[in-house]
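Reading through the structure tokens given below for one structure.
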Amino acid sequence: MKTPLLALPIVLVLAAAFAADAAAQPRKPPSPEAKEAKSSECAAMGELPKAWDGQAFVIDGQTLGGTGLKAHLRIWGIQAPELRDTTRVESVPGMRARAFLADLLAKADHKVKCRPARFDRECRIVAQCSVGDQGDLGGSMIAGGMAYGFELDDALPWESRAGQRYADAEFEARKARKGLWPAWLGDQ
């Protein structure tokens, strides 16, 4: 039996809707094996710096670029909405998260201090970053409802309770329905 030609556009629309919905869902963390394999590929980036402070700019809701840095900085402990969907169109949640992070940086004249923890699978420096009076960027993004806690089991050597602090901030933001709760982050 052949599919009627009228059904084909409906099938294509449904397939596109499911693909867009899947792209909007948060990514699952990579396996430990995938992390190790990718970290060897990041050797070309050089040694992980002990600390970095300088002028930073926002790339997306969880990634910064830094003046004089070869690799981008991924803010430790958060997952923000993707800036672009699978069709490379900017998403509203992604733009809101990026704007929120840009506002945090602007209030501190873009001066950032970071403590790198490791390289991620995309060879970005995963770091806990802070700005002046705004404090910890990751914690501020979560408390503002613009991100949720991500890979919080990877404890930081200098702050063992950071994961719990982020989880508590996420709980409060979710309860108060701040920022992107429930639009992007969900009602659960």
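Numbers at a glance
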| quantity | calculated |
| --- | --- |
| Output for region 142-153, where each listed residue is part of a loop (DSSP other than H, G, I, E, B) and under 8 Å from G77 (Cβ atoms) | F150, E151, L152 |
| Residue list for region 56-93, restricted to those being of a type in the set (G, A, S) and buried (at least 20 other Cβ atoms within 10 Å of the Cβ) | A56, G61, G66, A71, G77, A80 |
| Filter result (at positive phi and in contact (Cβ under 8 Å) with a residue 12 or more places away in the chain) within region 56-105 | G68, G77 |
| Residue check for G145: closer than 25 Å to A176 by Cα, surrounded by 13 or more Cβ atoms within 10 Å (Cβ to Cβ) and either under 13 Å from the mean Cα position of the chain (by Cα) or among the acidic types (D, E) (or both) | yes |
| Residues being touching a residue at least 40 places away in the same chain (Cβ under 8 Å), of a type in the set (G, A, S) and surrounded by fewer than 16 Cβ atoms within 10 Å (Cβ to Cβ) - total across region 106-119 | 0 |
| Scan of region 154-174 for residues that are farther than 15 Å from D136 by Cα and not in a loop (DSSP other than H, G, I, E, B), ordered by number | F171, E172, A173, R174 |
| Per-region count, region 95-115, residues closer than 22 Å to A169 by Cα and either among the acidic types (D, E) or touching a Phe, Trp or Tyr at 6+ places or on another chain (Cβ under 9 Å) (or both) | 9 |
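Conditions tested, residue by residue: (1) within 14 Å of L180 (Cα to Cα); (2) aliphatic (A, V, I, L, M); (3) within 13 Å of the chain's Cα centre (by Cα).
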residue	(1), (2), (3)
V92	yes, yes, no
L104	no, yes, no
H110	no, no, no
R115	no, no, no
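Here, each number is a calculation from the coordinates, and none is a lab measurement. What you see is a predicted model, and the numbers here were worked out from it, not measured in a lab. Quick reminder, even Gly has a Cβ in these numbers, built from the backbone with ideal geometry, and neighbours come from all protein chains shown.
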